[in-house]
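Remarks on the structure that follows.
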Amino acid sequence: MGNCSLLLLLGAMLMGVSIGFSEGQLAYDYYGLTCPNLENIVRQEMLSIFLNDATAPAAFLRLMFHDCQVQGCDASILLDSDDFSITSEMVSSRNFGIRDREMIGRIKSILEMECPGQVSCADIIALAAKESVSLSRGPQIQVPLGRKDSTTCSYQQANAHLPSPRISVDGLLNMFINKGMTLAESVAILGAHTLGVGHCINIVDRLYDPEPDEGMDQSFEAQLRLSCPTQIPVENLTMVPNDITPLTFDNQYYRDVLMGRGLFGIDSSISRDPRTAPIVSQFALDQNYFFQVFSAAFVKLSSTNVLTKGKGEVRRQCNQVN
Ligand code: HEM
Ligand SMILES: *[C@@H]1O[C@H](CO)[C@@H](O)[C@H](O)[C@H]1NC(C)=O
């Protein structure tokens, strides 16, 4: 057994004793009898999506966060608006940039052939996110399963609970500590910004604010102004990488942040706040440590307010209730 898997095993044992809430209702072998091949199937599908589009892992990782942040990890983000009672969470501007939702539905339809009516869309979101991390050369994370899908969604809750890129460090810590995370885990989960992109609409406030952003590297700021030349973007198409290796799950994000090259306001704030700055430095120096803490944080995030014990349903199609 390699060092890394030993650490993960230790991590899993520690987590097993330290978490008393939602995660306890989930199980690592939940589909052992009903869909034993589940993880292999998801892995295979994710691999083919990834070979087609190396930026897809970022989309799935953010999708899990935006699912779990609103009503809990219940696939509420996948519901489309209908003519009756459902208005999709995608109408919230905080979901701007969310992509590849329909890919979860495609994986679901493959699983419906293999094990009909068994696997929830919420579990597929969690599995797709964990495969995204390992396909991008991040850690291999074990996630407990057994989430049910919601029969409702809420764009109002999306507006209220999905964070603004300028959230304060207090706001960030409250958000994640309420999910049972430690301080270090709250800093680690933001390391998801090692993958993917942001659009100018989420950056311009830092560039054209009358009170300039203190710690921002000047040449980085100049680069961003070139990419995002106007205070109000004229279109929503320009994307800027979250760190300088946006396709690789590594600790580069923390090194960028330390150099004043964090993309969003909050990325920059965690390098200055006295509570979070020492952790940023540790992660920047020690990738294995980052991977270990990120993995624990991932399990907590993906276990937020899950529907179990007869609550919720297993949707037949991910974009509509049964
Ligand atoms: C305080 C917390 C957070 C804030 C304020 C925040 C904010 C943002 C913003 C503004 C974007 C850019 C969206 C766009 O312009 O297209 C973004 C992208 C992203 N976020 Fe976060 N985020 C937070 C936490 C997280 C967490 C916990 C995760 C995952 C575990 C995550 C994963 C991602 C990923 C992977 C992207 C890139 C998406 C893509 O390339 O399509 N973020 N985030
Ligand atoms: C860009 O997206 C934001 C957020 O969804 C929206 O408010 C804005 O109107 C869009 N701008 C353009 C030019 O489409």
Determine which single condition I244 fails, assuming it passes every other condition in (1) within 30 Å of R147 (Cβ to Cβ); (2) within 15 Å of ligand 1 (Cβ to nearest atom). (1)
Within region 87-99, identify whether any single residue is open to solvent by less than 60 Å² (accessible area, probe 1.4 Å) and more than 16 Å from ligand 2 (Cβ to nearest atom), and answer yes or no. no
Taking the condition open to solvent by 10 Å² or more (accessible area, probe 1.4 Å) and either under 18 Å from N319 (Cβ atoms) or within 16 Å of ligand 2 (Cβ to nearest atom) (or both), does D123 pass? no
Which numbered condition in (1) away from ligand 1 (no atom under 15 Å from the Cβ); (2) closer than 13 Å to G198 by Cβ; (3) β-branched (V, I, T) is the only one that V234 fails? (2)
If I filter region 22-49 down to residues being at pLDDT below 95 and either among the aliphatic types (A, V, I, L, M) or within 20 Å of the chain's Cα centre (by Cα) (or both), which single residue comes out as nearest to S134 (Cα to Cα)? E23
Selection count, region 139-158, where residues are in a loop (DSSP other than H, G, I, E, B) and among the charged types (D, E, K, R): 1
Search result, residues across region 208-239 that are modelled with pLDDT under 90 and not small (G, A, S): D209, P210, E211, P212, D213, E214
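The values are calculated or read from the model by the stated rules, or taken from the named source; none is laboratory data. Remember, predicted model here, so these are calculated numbers, not experimental data. Cβ atoms come from the backbone with ideal geometry, glycine included; neighbour counts cover every protein chain shown. These accessible areas exclude ligands, DNA and RNA; they are computed on the full protein's heavy atoms, side chains included. Shrake-Rupley method; radii C 1.70, N 1.55, O 1.52, S 1.80 Å.
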